[in-house]
Amino acid sequence: MVASGAAVVRFRSAGGGVVGHGVLVDEEHVVTCAHVVNAALGRPPRDADDARGQVVRLEFPLLVQLGALAPERRARVDVWEAPGTAWDGLDVAGLTLVGEDRPMGAVPVPLAHEDCMEGDVLLFGPVEGRPGGWVPARLRPLVKQFRQQIDQRAHGAHAAQPRYSGTPVLDPRTEHVLGILVAVATRRDDADVYAIPVTNLVAAWPTAFAPLPVSPYKGLAAFGREDTHLFFGRDAMTDELASAVDACGLVPVVGASGVGKSSLVQAGLMPRLAAGRTAWGFVPVRPRPRLDTALAAGFARAVGAPDHVPLSELESWQARLGSIGLVAAGDLVLAATGADRLLLVIDQFEEALDGSPTTWDVLDGLAELAGRERTGMVAVLTLREDAFGRLFVRAGRFGEALRRTAVALRGMDTAELNRAIVQPALLRGVTVHGRLVQDLASLVEGRPGALPLLEFTLDRMWSTLRRGQDTLSYEAYAEIGGLDGALAEYADGVLAALAAEERPLVRRLFLNHLTTPDQPGVRRVATRSELRPAEWAIAVRLANERLLTTSRSEEGEDTVEVVHEALLNAWATLTSWLKEEEPFRNWRRMLAYAMRRRDAADETSVLTGPLLADSERWLAERPSDVTVDERRFISANREHQKREERKYRTLFEDSLARTLTLAAQRAEDATVALLLAVEALDRSADPSVDLLVRTCLRRMGATELEEVSGAGYENELRRTTNRIRLLEWAEGPPGRWSTAPGAPRHWALGDDNTSVLIDARGRAQVLWGVAEGGVGGGVDVPLAEPAVIAACTDAATALCLGTESGELHLYQITDSVEEMWQIALPAAATCVAVDGQGSKVAVSCDDGVTRVLSAQADGHEFLALASPGFVEDLDFAPDGLSLAGQVTGGRLTVWDLTSGERRCDAEAPMGHVAFSADAAYLVSAGQRPDQLGTVVRLPLHAARLAAVARKVAGRDLTDSEWQRHVGIPPVTARGVAG
């Protein structure tokens, strides 16, 4: 109904309200009711005064779906039959478009040749929220001379209303106008409306409305089974093909594009078989979206499924094909239908060659058919000769079967062409000029692919006929541009009728979606989902103009394609577009090849080098011309290349870091050794490289330790007071809680809100709040043995105590003290730490192992870190992901708790250790009396350590030092790293 709806026009009053409708019945003529014209002119509806010569405005409402506003035109009233009353008077107005041609996409709907007494019809009119819609109805017999009753099936908002006056009464089968609506009943049954029959419309203006004979030529469309009476000139080939079908189970019909393969099978072979004595069943399919899907749908329809096969039936037939094969599936259809034989027609078989396993299975089934004589099912394939050549050499039974059973479709000779030109016109009472017949036949003979151009030329000439003419003249032939110019001239005219901003959409549609990148003369089927909305809208309009054809796939998705490949080869404008686009299309061809290899699971199908660079350039320059699938493929390859580059850089950096490390170890000059080690540190996170830099610093008599102001590190230093180490317990409490004479001495952990006091005998008490001059209320921590090590969080919400016997206890502190768990350690503990969130506990033991435990999971040990020596202190990083340990003798280790690996080893006597807030340093209070108010910090991050080392070295490596010690110039190292 798209084309028919686009021919409907709408009239409005001066105030903008809809007053009625009409219909475009040819290139320039509109028919409506006279009372609608009166309303549009602002006159009383039943005004009988002649309105001829008046000009009204009209619009094409359904074209608003394709553009911003409904296109408008002006039309002159040329025929006037006065309204009379609602039940008599002809009430017809005939109008002619003036000033502008019909809008592109507004395809005329012809008047029917005769009245229809009854049957299903459609009425068009305004629908709330949409430009318009169709209302179903039933046509009844005449009730008066000028009126025919229509019984509506719709009611309420979708029933015909007074504003429907003038709308076409459409035959949904032929899409011809059977009349126009004239009145909505106001008496009795509101479902009754009335129409002016088509014969009365023709009587009002016979010179314009008398229907012309329908063209007997198919244009660019293939002949179908219903066109057999118009199909001339192929009797000999039909005979040959029928004989081949009778003798063999597989008959490939091979020929050039445009030679008429589909038409021969559809309009020649199938009607011939249907008229014979054998009861044939027919399963015509086209292999889209895939051959197995099309076959399943075809078989389902053959046994009674509707045109749009339900998904369950489709899947059922697909399963049958996969399990029992093609031949057995055909036998099922024969059994279900009762036919004697079954003709399976796979049209445009070249589209099936997708390389999928299911397709090869079908090919094997076809080869099985070829090996049988007079089989129940016969498969006829229509196949372009270039695709036949590819399949011809395929190893196996199918390739051999093609070579043995193919029928070559030759071009038509002069006599056959004469019949194809002359006979269809004679059926309509029209002759073709003798010289024109000779010229057309001579131009087409020897050019098998020119048959679509011949049909299109004849069809275009037919459209130039005027009423009363009975000859297709040479003048009309010249007017449309001749055989080789008719199609191009027509396509250019359609393009020119579009708005300037719409023409680039046509170019993009053809170049990006309707032609294949590697074969520009081969059409491609595009799905609606791959087109932008504006592109689909243009595609629909071009389909209305018969340049494209729309359909629906077996999976229910709308599709569009060129109506025939002849358009791709004959349209000079498209040829020029293709030439201009040659660099872009060459790139797309290579990209399509890579994508096909990807789909075939070829692991080498990646874009690299110039092809990837070109892909990214085209994507940046013309993003709207790159399809979604192409965009995804390019993006995936870009990410792949980035991963490969990162991998290569990592490998190079690791290799260079090893070379630099060896060079630093061998260098005699201490400064050069340090600088080489720093370069290695820039490229490697290996703890051995970190240690090498620190060793080189000591070799130069320097250290990485820095003495800085304590300002800014108060919280870090305060955290060390929330731990009691074994060495401190041995020395006794410092008396930090009370200095009153005779008062007990304690270690005090926590903050002012919650404090933990541990005395010299290892007893622990928790206190909440501090009273002036004394201690607030508190509770004893339940512990059977003295505590010798302790640690808590900053707010004392979690407390961990270790005893002399090697037990470790964890407590949760809220407004009370609750023991969470206790475990027995395998050896005596030397120090303990709790992370800031109270989720982890770390404890070092005399067995040379530092254990990291879960605070929540009953003390479950999830890391055991080798830490030989006596560990004096532990501290967690603020994020809880690193742990630092200070060993007697000045060695310090930092572990990564995610991997369990050592991050850093350093010789740095620091006493208590604490991570800085950014975890970039370890800090400790100064050790000498003159260091009051200062801290010592040890850089942990590679960048911080490298900065210290470079400052000590006072310079960078020279180019000659790079070359001598590393073997490559520094510019090479930097280039690869970048």
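Out of the residues in the stretch 627-641 meeting the condition of being without any contact (Cβ under 8 Å) to a residue 12 or more places away in the chain and either touching a helix residue (DSSP H, G or I) at 6+ places or on another chain (Cβ under 8 Å) or under 21 Å from residue 531 (Cβ atoms) (or both), tell me which one is surrounded by the fewest Cβ atoms within 10 Å (Cβ to Cβ). Across the stretch 627-641, the extreme among qualifying residues is 632. Within the span defined as the stretch 210-228, one or more residues are modelled with pLDDT under 80 and over 49 Å from the mean Cα position of the chain (by Cα). Going residue by residue through the stretch 245-265, is there one that turns out to be charged (D, E, K, R), under 30 Å from residue 569 (Cα atoms) and surrounded by fewer than 17 Cβ atoms within 10 Å (Cβ to Cβ)? Scanning the stretch 245-265, I find no residue that is charged (D, E, K, R), under 30 Å from residue 569 (Cα atoms) and surrounded by fewer than 17 Cβ atoms within 10 Å (Cβ to Cβ), so the answer is no. Has the stretch 672-687 got at least one residue that is over 17 Å from residue 958 (Cα atoms) and touching a Cys at 6+ places or on another chain (Cβ under 8 Å)? Yes - at least one qualifying residue is present in the stretch 672-687. Contact map, the stretch 259-279: first residue outside any helix (DSSP H, G or I), second residue at pLDDT below 95 and among the aromatic types (Phe, Trp, Tyr), Cβ cut-off under 9 Å, separation 6 or more or different chains; pairs are 260/223. Within the stretch 229-248, the only residue that satisfies the criterion of being at pLDDT below 90 and in a loop (DSSP other than H, G, I, E, B) is 248.
When each of 948, 936, 913, 976 is tested for being surrounded by 12 or more Cβ atoms within 10 Å (Cβ to Cβ), of a type in the set (A, V, I, L, M) and modelled with pLDDT of 90 or more, the lone residue that passes is 948.
Just to be sure, is residue 872 loosely packed, with under 15 Cβ neighbours inside 10 Å and either assigned to a strand (DSSP E or B) or at positive phi (or both)?
Considered against the rule, which asks whether it is loosely packed, with under 15 Cβ neighbours inside 10 Å and either assigned to a strand (DSSP E or B) or at positive phi (or both), residue 872 comes out as no.
The criterion of at least 2 residues that are farther than 23 Å from residue 572 by Cα and charged (D, E, K, R) is met by none of the helices (runs of 4 or more DSSP H) falling completely within the stretch 426-493. Within the stretch 315-328, one or more residues are closer than 28 Å to residue 238 by Cβ and assigned by TED's automatic domain parsing to the domain that holds residue 247.
Within the stretch 702-741, which residues are modelled with pLDDT under 80 and hydrophobic (A, V, I, L, M, F, W, C)?
Across the stretch 702-741, the qualifying residues are 711, 737, 740.
For every residue, the table says whether it meets (1) out of contact with any Lys or Arg (no Cβ under 6 Å at 6 or more places or on another chain); (2) more than 30 Å from residue 455 (Cα to Cα); (3) free of Cβ contacts under 8 Å to residues at least 12 places away in the same chain; (4) assigned to a loop (DSSP other than H, G, I, E, B).
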| position | (1), (2), (3), (4) |
| --- | --- |
| 561 | no, no, no, no |
| 566 | yes, no, no, no |
| 579 | yes, no, yes, no |
| 585 | yes, yes, no, no |
| 594 | yes, yes, no, no |
| 597 | yes, yes, yes, no |
| 607 | yes, yes, no, yes |
| 613 | yes, yes, yes, no |
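Screening residue 379 against (1) of a type in the set (Gly, Ala, Ser); (2) assigned to a strand (DSSP E or B); (3) out of contact with any Leu (no Cβ under 8 Å at 6 or more places or on another chain) leaves a single unmet condition, (3). Scanning the stretch 696-732 for residues that are out of contact with any strand residue (DSSP E or B) (no Cβ under 6 Å at 6 or more places or on another chain) and of a type in the set (Lys, Arg) turns up 698, 699, 718.
If I filter the stretch 654-672 for residues that are assigned to a loop (DSSP other than H, G, I, E, B) and at pLDDT below 85, do I get at least one hit? No, the stretch 654-672 contains no residue that is assigned to a loop (DSSP other than H, G, I, E, B) and at pLDDT below 85.
So in the stretch 135-152, with the set limited to residues that are crowded, with 19+ Cβ neighbours inside 10 Å and either at pLDDT 75 or above or under 21 Å from residue 5 (Cα atoms) (or both), which one is farthest from the chain's Cα centre (by Cα)?
So, considering only residues that are crowded, with 19+ Cβ neighbours inside 10 Å and either at pLDDT 75 or above or under 21 Å from residue 5 (Cα atoms) (or both), the one farthest from the chain's Cα centre (by Cα) is 147.
Selection over the stretch 338-359 of residues that are under 29 Å from the mean Cα position of the chain (by Cα), surrounded by fewer than 18 Cβ atoms within 10 Å (Cβ to Cβ) and not hydrophobic (A, V, I, L, M, F, W, C) gives a count of 6.
For the structure I just gave you, tell me whether residue 201 is buried (at least 19 other Cβ atoms within 10 Å of the Cβ) and not acidic (Asp, Glu).
yes
Residues being surrounded by fewer than 19 Cβ atoms within 10 Å (Cβ to Cβ) and either without any contact (Cβ under 8 Å) to a residue 24 or more places away in the chain or farther than 11 Å from residue 326 by Cα (or both): count how many of those fall in the stretch 360-379. Here the count works out to 6. With the requirement that a residue be of a type in the set (A, V, I, L, M, F, W, C), under 16 Å from residue 380 (Cα atoms) and out of contact with any strand residue (DSSP E or B) (no Cβ under 9 Å at 6 or more places or on another chain), what does the stretch 250-306 give you? Listed by number, the list holds a single entry, 267. The residue pairs whose first member lies in the stretch 825-847 and is more than 22 Å from residue 730 (Cβ to Cβ), whose second member is of a type in the set (S, T, N, Q), and whose beta carbons are closer than 6 Å, counting only pairs six or more residues apart or on different chains, are 838/793; 838/797. Of all residues in the stretch 304-337, those that are surrounded by fewer than 16 Cβ atoms within 10 Å (Cβ to Cβ), free of Cβ contacts under 8 Å to residues at least 40 places away in the same chain and assigned to a loop (DSSP other than H, G, I, E, B) total 4. Within the stretch 754-777, residues that are closer than 16 Å to residue 801 by Cα reach partners that are modelled with pLDDT of 90 or more and exposed (fewer than 12 other Cβ atoms within 10 Å of the Cβ) with beta carbons closer than 6 Å, at six or more positions or on different chains, in the pairs 765/780.
Applying a threshold of 8 Å to beta carbon distances and a minimum spacing of six or more residues, or different chains, the list of pairs starting in the stretch 474-486 at a residue that is touching a residue at least 12 places away in the same chain (Cβ under 8 Å) and ending at one that is aromatic (Phe, Trp, Tyr) and part of a helix (DSSP H, G or I) reads 480/490; 486/456. Looking across 791, 824, 787, 795, one residue alone is under 19 Å from residue 747 (Cβ atoms), of a type in the set (A, V, I, L, M, F, W, C) and surrounded by fewer than 17 Cβ atoms within 10 Å (Cβ to Cβ). It is 795.
Among the residues of the stretch 642-667, the ones that are crowded, with 16+ Cβ neighbours inside 10 Å and among the polar types (S, T, N, Q) come to 2 in all.
The values are calculated or read from the model by the stated rules, or taken from the named source; none is laboratory data. Please read all numbers here as calculations on a predicted model, not as lab measurements. As a convention, Cβ positions derive from the backbone with ideal geometry for all residues, glycine included, and neighbour counts pool all protein chains shown.
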